[in-house]
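Notes follow once the structure below has been shown.
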Amino acid sequence: MNVTSHSPVVNSPATALTISQRRIWTGQMLEPDKPLYNMAMAFHIKGTIEASTFSTAFQRVIDDNDALRTIVLEHNGEPFQQIIDELRFDIELIDISASPLPDKTADKLLKERAQTQFVLDEQLFDSALLKLDQDRYIWFINQHHLICDAWSVSVLFEHLGTLYASRLAGESAPASGLVSFDA
């Protein structure tokens, strides 16, 4: 994973897990060495991607999204969630365009990366941008189910697309409209 700042700034209060989160956490504790609750998705993108702009847009998504900055801690055996105020992440650009079989190479890399075991008190997501050729990319996002569901991934994808397009156009980023975890 690509966290660039590992000393989290936390000013938000710790909160209890929801009932659903508590069930997921319990299941993860029963199988601590297995990525049972990873929600890995690969979005195929046709067209040229400006990697630095994409990375900047993704950082803004992290800044706007409490869930991506949420970690799960334990105190006396009881789990609770905490939102990190600032989390810096450098999205990795993996250029496999020189591979004789970039699609097969991508499949292998994504399957391996989807098996990443998250450390619950450090970071609950991973992401990368794979370049298959000049105008074919895959955006990979893997999140622990403690912080996401299928609906939230589509919201995150849409928000990233809006931010990326506005940055390419040289426009200021629009307000996120995302609801805070602690709202």
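The values are calculated or read from the model by the stated rules, or taken from the named source; none is laboratory data. Computed from a predicted structure; not experimentally measured. Positions of Cβ are generated from backbone atoms using ideal geometry, with glycine treated the same way; all protein chains shown enter the neighbour counts. To get the accessible areas, we keep the full protein, side chains included, count just its heavy atoms, and leave off ligands, DNA and RNA. Shrake-Rupley method; radii C 1.70, N 1.55, O 1.52, S 1.80 Å.
For the range 85-109, what are the residues that are basic (Lys, Arg) and either closer than 30 Å to residue 66 by Cβ or open to solvent by less than 70 Å² (accessible area, probe 1.4 Å) (or both)? Selection gives 88 alone.
Which residues, counting only those in the range 74-84, are in contact with a strand residue (DSSP E or B) (Cβ under 9 Å, 6 or more places away or on another chain) and open to solvent by 70 Å² or more (accessible area, probe 1.4 Å)? Within the range 74-84, 74, 78 meet the criteria. Given the criteria touching a Phe, Trp or Tyr at 6+ places or on another chain (Cβ under 6 Å), modelled with pLDDT of 95 or more and open to solvent by less than 70 Å² (accessible area, probe 1.4 Å), does residue 71 qualify? Considered against the rule, which asks whether it is touching a Phe, Trp or Tyr at 6+ places or on another chain (Cβ under 6 Å), modelled with pLDDT of 95 or more and open to solvent by less than 70 Å² (accessible area, probe 1.4 Å), residue 71 comes out as no. Within the range 117-144, residues that are more than 15 Å from residue 98 (Cα to Cα) have Cβ atoms under 6 Å from residues that are open to solvent by less than 10 Å² (accessible area, probe 1.4 Å) and among the charged types (D, E, K, R) in these pairs: 142/126, counting only partners at least 6 apart in sequence or on another chain. Can you tell me which residue within the range 146-183, out of those that are among the small types (Gly, Ala, Ser), under 14 Å from the mean Cα position of the chain (by Cα) and modelled with pLDDT of 80 or more, is nearest to residue 27 (Cα to Cα)? Step by step, filter the range 146-183, then rank; the result is 152. Going through (1) of a type outside the set (Lys, Arg); (2) within 20 Å of residue 143 (Cβ to Cβ); (3) surrounded by fewer than 17 Cβ atoms within 10 Å (Cβ to Cβ) one by one, residue 54 falls short only on (3).
If only one of 140, 157 is open to solvent by 80 Å² or more (accessible area, probe 1.4 Å), touching a strand residue (DSSP E or B) at 6+ places or on another chain (Cβ under 9 Å), under 25 Å from residue 47 (Cα atoms) and not basic (Lys, Arg), which one is it? Show your work before the answer.
Numbers: 140 fails: open to solvent by 80 Å² or more (accessible area, probe 1.4 Å).
Result of the check over 140, 157: 157.
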